[in-house]
Amino acid sequence: MFDFTGLSNAVIEGDNDQVQAKVKEAISANVDPLAIINQGLIGGMNVVGQRFKVNDMFVPEVLMSARSMNAGIELVKPLLAGGEMTNRGTVIIGTVKGDLHDIGKSLVGMMLECSGFKVIDLGVDISPEEFIAAIKENDGKILALSALLTTTMLSMKSTIEECVEQGMRNDIKVIIGGAPISQEFSDQIGADGYAGDAAAAVELVAKLLQ
Ligand code: B1M
């Protein structure tokens, strides 16, 4: 059993070189790439979140941890890609307006891409109008919305309302996720589904496009 402590600590310290060295070590030891992400990288980020909450870590340090997590993900990403793939459908993904958190959203996008979906990642702070424009431009079948703040999750509702307004609600499935999101909230705002993590998002998208 691989010991992820060193990798998680390197994320907490925001040490890119050490994160990459530990990820390479895990890869050489044939550790499951998803375990490297979930137990090693996200494990470290969870501690960062707890310390951030109690003012034991501050924004610049959290950003360093976020960057080092991404440095680790870059090394794991090629291992998740399953070779030649057909396009199983186009997913438009982004973090909603007012919200700058991108790690979870990018992870979901990466996992979808690795599962054969075409992913258009709009980035962060995306308005309902920008989501609508991207759906039209790319013939999107799934709209995937991420939010990490209780204040910005309401923009998911506005985005769904904009889809209705534009007469496209029946042509697109909307999925939502992020730390403050729940199935209950998804039901309340009329989304087509909620996923708690990246793997669940892939399952949900596959189910909705069946
Ligand atoms: Co911020 N932040 N942050 N932050 N940040 C949180 C979210 C917070 C919970 C920290 C805390 O207080 N404990 C808190 C929110 C409180 C709340 O609203 N209830 C918070 C706050 C308050 C803030 C600021 C307001 C702080 C300030 O300035 N005073 C500010 C807001 C800026 C803004 O967005 N406008 C802010 C800023 C930042 C940084 C810029 C410093 C940085 C983001 C850097 C970046 O993303 N490039 C940051 C970070 C890193 C965090 C924490 C520590 C970590 C988030 C993360 O990346 N986790 C976070 C604490 C925490 O969550 N523990 C926190 C790892 C990631 C893999 O998990 O994003 O949850 P997550 O994604 C998961 C699932 O949620 C799910 O799958 C992913 C993989 O399993 N998922 C989906 C996500 N999206 C999905 C979409 C789907 C399906 C599943 O379908 C579409």
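Some notes on this structure:
- Across Lys22/Lys207; Lys118/Lys157; Lys77/Lys157, pairs whose alpha-carbon gap is larger than 30 Å: Lys22/Lys207; Lys77/Lys157
- Mean projected area of the Cα convex hull of the chain, taken over all directions, amounts to 11.9 nm².
- Solvent exposure of segment 146-210 amounts to 51 Å² per residue of accessible area, where only protein heavy atoms count and the probe is 1.4 Å.
- For the chain, the longest principal axis of the alpha carbon atoms and the long axis of helix 154-165 meet at an angle near 30°.
- Computed over the chain, the per-residue total of -39500 (n - 2.57) for DSSP H runs of n ≥ 4 gives a 222 nm mean residue ellipticity of -16000 deg cm²/dmol, rounded to 500.
- The residues of segment 1-50 expose, per residue, 51 Å² of accessible area to a 1.4 Å probe.
- The residue among Asn9, Asn170, Ile126 whose Cα reaches farthest toward the positive pole of the charge dipole of the chain, with charges on the beta-carbon of Lys, Arg, Asp and Glu, is Asn170.
- Net dipole in debye of segment 1-152 [+1 Lys, Arg Cβ; -1 Asp, Glu Cβ; about Cα centre; nearest 20]: 280 debye
- For the chain, with all protein chains in place and a probe radius of 1.4 Å, 50% of the accessible heavy-atom surface sits on carbon or sulfur.
The values are calculated or read from the model by the stated rules, or taken from the named source; none is laboratory data. Model, not experiment: these values are computed from the prediction. Please note: Cβ atoms are built from the backbone with ideal geometry, for glycine as well, and neighbour counts cover all protein chains shown. SASA here: full protein model, heavy atoms, side chains in, ligands and nucleic acids out. Shrake-Rupley method; radii C 1.70, N 1.55, O 1.52, S 1.80 Å.
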